Amino acid sequence: MTTRILVTGGAGFIGSHYVRTLLGPQGPGDVTATVLDKLTYAGNPANLDEVRDHPRFAFVRGDICDPELVGKLMAEHDEVVHFAAESHVDRSIDGGAEFVRTNVMGTHTLVDHAHRAGIQTFVHISTDEVYGSIDEGSWPETDPLQPNSPYSSAKASSDLIALSYHRTHGLDVRVTRCSNNYGHHHFPEKVIPLFITNLLDGRKVPLYGDGGNVRDWLHIDDHVQGIELVRTKGRAGEVYNIGGGTELSNKELTRLLLEACGADWDESVEYVQDRKGHDRRYSVDCTKIRTELGYEPRKDFATGLAETVAWYRDNRDWWEPLKGRAAL
Ligand code: NAD
């Protein structure tokens, strides 16, 4: 039987990759995908060009905060994979209202209508940032949520609301918390595409503070693999961390990007004032998803980064119009 999946935020970076994969040759075949996306500055219809004419694809432009639309769509679907969010930390520092509206109110609208419509499975895509910052070791899923930015606080709230619908109403909610994603079609305000596109244009790259902040990098293919494992084999009411296994300081990452783009540190790097409340290090413990669902990141970082740089080199038409919309 065909499973009808509603994908919120499917015109963004990760959501569009999820949809392209789901409907691609490696996808399960027995699913339809309807994207619900407001097309904010981060949503890009071009991300869905590859599947636009696919017989099992549909696109609805709309807001996850719109109860009427959400109610109608829930009645027509079996499962939900929820990516839609305001996703950029720096923007949340400039103003958090839209983050609370979309991430908190929007998630509430979705789970509430999912419950009323009898949705079978609701996968809520969250982030490792909800745990806060950790100097040593890694967070298991049971660690307390101690978010620091308006973005991560709104995401943590959305996790709690989504999980409350499992505990209160029995809705099959599954939460994923992934580390920093990278890959093609990534909006050029985020560090990797921002640095690559600046370097390809012969411009400087802005390095925050002392460059010592550490992130774990996860290729979008591996993230999508993890989400599919959780959607198809995960358990109701459970949280699953998803990591990539490549921990780098921003300084180390910058070095690799300069090398890949043939640029020089002294000419290309500009130290800028640190982000307010900048989390020092994120690190998720992925034992649960590995042992329970067989997740294993497959993309080696050097290969993934080289492919990503090559994609930006070859796809100026995609990113050049977006540079003006980027925050930095
Ligand atoms: P993105 O900013 O590229 O895409 C977000 C999408 O949501 C856009 O297409 C946008 O138009 C849509 N959207 C925003 N507000 C909406 C609304 N009110 N109604 C309907 N659609 C709306 O984000 P992304 O990087 O693809 O992230 C997807 C999800 O993954 C987010 O929930 C984010 O918190 C989470 N996440 C991302 C990363 C990462 O490294 N990119 C890491 C951890 C978690």
>> Take the residues in the range 1-21 that are closer than 22 Å to residue 70 by Cα and away from the ligand (no atom under 13 Å from the Cβ); name whichever of them is most open to solvent (accessible area, probe 1.4 Å).
In response: 4
>> Could you check the range 68-114 and list, in sequence order, the residues that are more than 10 Å from the ligand (Cβ to nearest atom), part of a helix (DSSP H, G or I) and of a type in the set (Asp, Glu)?
In response: 68, 90, 94, 112
> Within the range 52-61, is even one residue within 15 Å of the ligand (Cβ to nearest atom) and in contact with a His (Cβ under 9 Å, 6 or more places away or on another chain)?
Replying inline: no
> From the set of residues in the range 41-76 that are surrounded by 14 or more Cβ atoms within 10 Å (Cβ to Cβ) and touching a residue at least 60 places away in the same chain (Cβ under 8 Å), which is nearest to the chain's Cα centre (by Cα)?
Replying inline: 42
> Applying the selection to the range 135-144, what residues are within 14 Å of the ligand (Cβ to nearest atom) and within 30 Å of residue 73 (Cβ to Cβ)?
Replying inline: none
>> Taking the criterion of being without any contact (Cβ under 8 Å) to a residue 12 or more places away in the chain and closer than 15 Å to residue 172 by Cα, would at least one residue in the range 128-145 satisfy it?
In response: no
> What number goes with the only condition from (1) under 23 Å from residue 18 (Cα atoms); (2) over 20 Å from the mean Cα position of the chain (by Cα); (3) surrounded by 14 or more Cβ atoms within 10 Å (Cβ to Cβ) that residue 125 does not pass?
Replying inline: (2)
> Could you count how many residues in the range 136-161 are over 19 Å from residue 276 (Cβ atoms) and not in a helix (DSSP H, G or I)?
Replying inline: 10
> Pick from 132, 183, 118: which is away from the ligand (no atom under 14 Å from the Cβ) and more than 16 Å from residue 214 (Cα to Cα)?
Replying inline: 118
>> Quick check on the range 176-191: of everything there that is open to solvent by less than 20 Å² (accessible area, probe 1.4 Å) and part of a strand (DSSP E or B), which residue is farthest from residue 295 (Cα to Cα)?
In response: 182
> For the range 148-175, which residues satisfy the criterion of being surrounded by fewer than 19 Cβ atoms within 10 Å (Cβ to Cβ) and among the hydroxyl-bearing types (Ser, Thr, Tyr)?
Replying inline: 164, 168
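The values are calculated or read from the model by the stated rules, or taken from the named source; none is laboratory data. Quick caveat: nothing in here was measured; it's all calculated off a predicted structure. No Cβ is skipped: glycine too gets one built from the backbone with ideal geometry, and neighbour counts run over all protein chains shown. The accessibility values were calculated without ligands, DNA or RNA, using every heavy atom of the protein model including side chains. Shrake-Rupley method; radii C 1.70, N 1.55, O 1.52, S 1.80 Å.
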